[in-house]
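Right, one structure below, let's go through it.
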Amino acid sequence: MTIIFTRRYLIKLLVIQLCLLMPHGAHAHHSDAGLDTESVVVLEGTVTNFVWNNPHIYFTMQLDGNSNDIDTADSVSIWEIQMASIPPLSRRGWRPDSLIAGETIVARVHPALDGRPYGLFVSVEKDGNLLPVGGATKNINNRKAESLEGVWRGDRSTMIDFTSFFDRLVTTEKGTAAREQFDALSAMNPMSSCAAEVARPTPATLVSAGFYLEEIEFVGDTIILRNEIFDAERVVYMDGRGHPDKAERTVHGHSIGRWEDDVLVVDTVGFADHRSPYQNGIPSGAEKHVVERYRLSDDGTRVIVEIMLEDPEYLVSPLTDTMEWIYAPEQQLLKWNCDQQTARNFLPE
């Protein structure tokens, strides 16, 4: 069977690929492990299930024998396809009924390296149309905030993708050994669990802001920092207190803040031990320390965020970076509601 692509179709496909792959780029460190992102296979068949869950949406399809890239005579003809999570895809127009069992589709996926019938979503065509068809959230770029309070979305043009961001970490011998022993396709991977103790701590939540909304709220003598992924929420104490000598160590740590003129400075210590907080096998420990600086842009449309991460037990030197968030009062954070079975889907049986 020969498929002919027009120039307009190819351009449209390229645009959608770029858009839809980017959310996966933010996850490539955990459940995209073991996938051949350098190749794409075309699958033709019928939808058998569409699972609308976090941390990833999935669909399964029964191949119809017309998938030239797959030898259906010698392999399992039911494939499981991993998509991004609900928040970024719903804002791109995807809905729980975007795919329905029994519908005929053409899917393009990055296949698993081990040959199992599993792939990472690139695009899907239904009734001659590339999905999703309409319904995307319209971003408004020039809304002006009066303060740091509000909902913010990361400007990806100012941000390094998640994997590349933390690939810059320079590890100690202990950090290097831990990274080499890490198996991303096993239960060692904390992202195979919905447990609160393996949630994504700062600064990983901040680096995820290109796909998951952030919210800043002033509440009395505290500031609340939220992110959609894992329903992350941190309390920043603004009453002048210091860090306690023997604070309980938690996944998000203990945060205190202060104002330096118009800049909010947040200092966080007291992180619980974490096997892979950056989803690359490098642990963090009791010496982890994060400093964040938030400044509203002169025109009020953006927040400039500066980050410093240090952890002498595992990192040779601090990691610093700067990014920008865009004011997005027209949007609202979505609940994570992680499903444990879905979280483990990427692990080989």
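The values are calculated or read from the model by the stated rules, or taken from the named source; none is laboratory data. Here the structure is a predicted model, which means the values were calculated and not measured. Reconstructed Cβ throughout: ideal geometry from the backbone, glycine too, with neighbour counts over all protein chains shown.
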When F230 is run through (1) among the hydrophobic types (A, V, I, L, M, F, W, C); (2) over 24 Å from the mean Cα position of the chain (by Cα); (3) surrounded by 14 or more Cβ atoms within 10 Å (Cβ to Cβ), the failure sits at (2)
If we keep only residues of the range 313-349 that are over 17 Å from the mean Cα position of the chain (by Cα) and of a type in the set (V, I, T), then the residue nearest to S90 (Cα to Cα) is I326
Matching residues in the range 187-221 (more than 14 Å from the chain's Cα centre (by Cα), more than 20 Å from D32 (Cα to Cα) and not in a helix (DSSP H, G or I)) number 7
Just checking, does the range 310-318 include any residue being over 15 Å from T205 (Cβ atoms), assigned to a strand (DSSP E or B) and modelled with pLDDT of 95 or more? yes
Next item on the list: Kindly establish whether R275 is closer than 30 Å to D183 by Cα, in contact with a helix residue (DSSP H, G or I) (Cβ under 7 Å, 6 or more places away or on another chain) and of a type in the set (K, R).
Entry: yes
Of the candidates E324, E292, E306, the one satisfying the condition of being outside any loop (DSSP other than H, G, I, E, B), among the acidic types (D, E) and buried (at least 21 other Cβ atoms within 10 Å of the Cβ) is E292
The correct count of residues that are more than 23 Å from F165 (Cα to Cα) and in contact (Cβ under 8 Å) with a residue 60 or more places away in the chain in the range 194-215 is 1
Next on the checklist: Take the conditions touching a residue at least 40 places away in the same chain (Cβ under 8 Å) and surrounded by fewer than 17 Cβ atoms within 10 Å (Cβ to Cβ) and apply them to E173. Does it pass?
Outcome noted: no
Is it the case that some residue within the range 254-274 is surrounded by 22 or more Cβ atoms within 10 Å (Cβ to Cβ) and either hydroxyl-bearing (S, T, Y) or modelled with pLDDT under 95 (or both)?
yes
Check your understanding: Within the range 281-289, is there a residue that is in a strand (DSSP E or B), touching a residue at least 12 places away in the same chain (Cβ under 8 Å), in contact with an Asp or Glu (Cβ under 6 Å, 6 or more places away or on another chain) and not basic (K, R)?
Key -> yes
Counted residues in the range 152-186 being of a type in the set (F, W, Y) and assigned to a loop (DSSP other than H, G, I, E, B) come to 1
